[in-house]
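All remarks here apply to the structure that follows.
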Amino acid sequence: MTCFLVDDCVAVDAGSIAIALTNEQRAKVKDIIITHPHMDHIASLPIFIDDLYPSLQEPIKVYATEEVIALLERDVFNWNVYPRFSDLKNDYGPVMEYIPIPIGKPFSVAHLNVVAVPVNHIVPTVGLVISDGQKSVAFSSDTAETDVFWKIVNQMKDLDALLIEASFPNRMAKLAEVSRHFTPASLGEELKKLTHNGMDIMTVHLKPTYRDEIIDQLKALNIPKLSVMEPGRIYEW
């Protein structure tokens, strides 16, 4: 399940947010960016809000495109799967607030500057370019071959790290194609569009069943500074 914690206070996606964060981190996170509404990226978002509901003194802000917000309201926070927390209040006030995000234009999340970029997945999905003013990281989210993402990334003056998906092994190329994901082979071709040099390239979203196979195939690409991101590890740039 996908969830990245930035500077201990901003979450990117919420697949494991309710189970992976420490109590101290849970108390700090008030801003969550959702790249798309697939379950592995939102699974524990409602559990996270539900658990904190009585103690929230300010609403959890959920940042997403208008399309994704509509899907979250229709399919998750619909009074059947989970309450519509955006309509509810505790003793302190509202507990959840949606913040619609623009495409291709900078917006602020806490102390971060973020640009959302459309990518090529089977549901409305954005990649992200995130900066704190000193360091910048790009995250592809779930995607197959794409061009707009690389255009934005290549226009950046500096890029410290690229997080990009590699979901299936090469022998499952057809499944990767129809579900719009990368294999190591297709990722190797896609990275030829990247003009920046020297940054860390971290692969994410490896299917657990095929993780070892995918890692071996990624290593065989022999791409400098390409590695696999390790769950639970702290990375600094």
Subset of segment 116-132, residues surrounded by fewer than 17 Cβ atoms within 10 Å (Cβ to Cβ) and either closer than 23 Å to LEU5 by Cβ or among the polar types (S, T, N, Q) (or both), comes to ASP132
Check: With respect to TYR98, is the statement that it is of a type outside the set (A, V, I, L, M, F, W, C) and either surrounded by 18 or more Cβ atoms within 10 Å (Cβ to Cβ) or closer than 19 Å to SER16 by Cβ (or both) true?
Finding: yes
Exactly one of ILE130, ILE152, ILE164 is touching a residue at least 60 places away in the same chain (Cβ under 8 Å), outside any loop (DSSP other than H, G, I, E, B), under 23 Å from VAL12 (Cα atoms) and β-branched (Val, Ile, Thr), and that one is ILE130
> Condition test on PRO54, is it of a type outside the set (Ser, Thr, Tyr) and outside any helix (DSSP H, G or I)?
Replying inline: no
Checked segment 1-19 for anything charged (D, E, K, R) and modelled with pLDDT of 95 or more; matches are ASP13
The condition of being outside any helix (DSSP H, G or I), of a type in the set (Ser, Thr, Tyr), buried (at least 18 other Cβ atoms within 10 Å of the Cβ) and not assigned by TED's automatic domain parsing to the domain that holds PRO106 holds, among TYR63, TYR82, only for TYR63
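So that you can scan it fast, the table gives a plain yes or no per residue for (1) over 18 Å from HIS205 (Cα atoms); (2) in contact with a Gly (Cβ under 6 Å, 6 or more places away or on another chain); (3) surrounded by 15 or more Cβ atoms within 10 Å (Cβ to Cβ):
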residue: PRO102; (1), (2), (3): yes, no, no
residue: VAL114; (1), (2), (3): yes, no, yes
residue: ASP142; (1), (2), (3): no, no, yes
residue: GLN155; (1), (2), (3): yes, no, no
residue: LEU162; (1), (2), (3): no, no, yes
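Every residue, every condition in (1) in contact with a strand residue (DSSP E or B) (Cβ under 9 Å, 6 or more places away or on another chain); (2) closer than 22 Å to HIS121 by Cβ; (3) not assigned by TED's automatic domain parsing to the domain that holds ILE122, yes or no:
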position	(1), (2), (3)
ILE17	yes, yes, yes
THR22	no, no, yes
THR35	yes, yes, yes
ASP50	no, no, yes
PRO54	yes, no, yes
ALA70	no, yes, yes
VAL76	no, yes, yes
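The values are calculated or read from the model by the stated rules, or taken from the named source; none is laboratory data. Remember, predicted model here, so these are calculated numbers, not experimental data. Positions of Cβ are backbone-derived with ideal geometry, glycine not excepted, and every protein chain shown enters the neighbour counts.
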